[in-house]
1. Working out 0.36 nm times the residue gap between residue 183 and residue 104, then minus their Cα-Cα distance, what length gain in nm do you get to one decimal?
2. Taking each pair of distinct Cα atoms in segment 84-144 once, what is the resulting Kirkwood hydrodynamic radius in Å?
3. Work out, in µm²/s and without decimals, the Stokes-Einstein translational diffusion coefficient of segment 45-156 at 37 °C, 0.692 mPa s, Rh from Kirkwood over C-alpha pairs.
């Protein structure tokens, strides 16, 4: 059976975001001036922003960062602000960790990255995904609406009242499932 979100559509499970940390940080307002703040401070700001979003949406979050050149000899994992934070081992990229988690297929992840290799890997295994810039905008909108005491409206894809069979403009079943999951983000 193919892993991914299609296996979990019928189950009442919380949204589980699998986030490529530095990729999201790259499109985030946290790092527009790369030399303004140390890397650790940028990571903390990003984690705070994601934690607020997690609290608003009730999502589970796994945030993956590159261990980089100064990493540990093995992968390191910790819980912080209600999220699982994973650091890849020394010399290992976060992409490899994300692909490993997707390969296991134990959770109905929604992948957050703009890395095409990861997006293609996730899509091939049936996982939903959202690009980092789009997710950043969704986090900002959720924070804005929360501050104003407003609730996001879910867009409805109701069909017109005609009784036609089939719709030549209808999205594929795979794309309809993906969009259904992304509405929850």
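Read the figures in this text as sums done on the coordinates, not as results from a lab. It should be emphasised that the depicted structure is a prediction, and the values quoted were computed from it without experimental measurement.
1. Numbers: separation 79, 0.36 × 79 = 28.44 nm, distance 2.48 nm.
Difference between extended and current length: 26.0 nm.
2. Taking the inverse mean of 1/r over all distinct Cα pairs, segment 84-144 comes out at 12.6 Å.
3. Here the translational diffusion coefficient equals 215 µm²/s.
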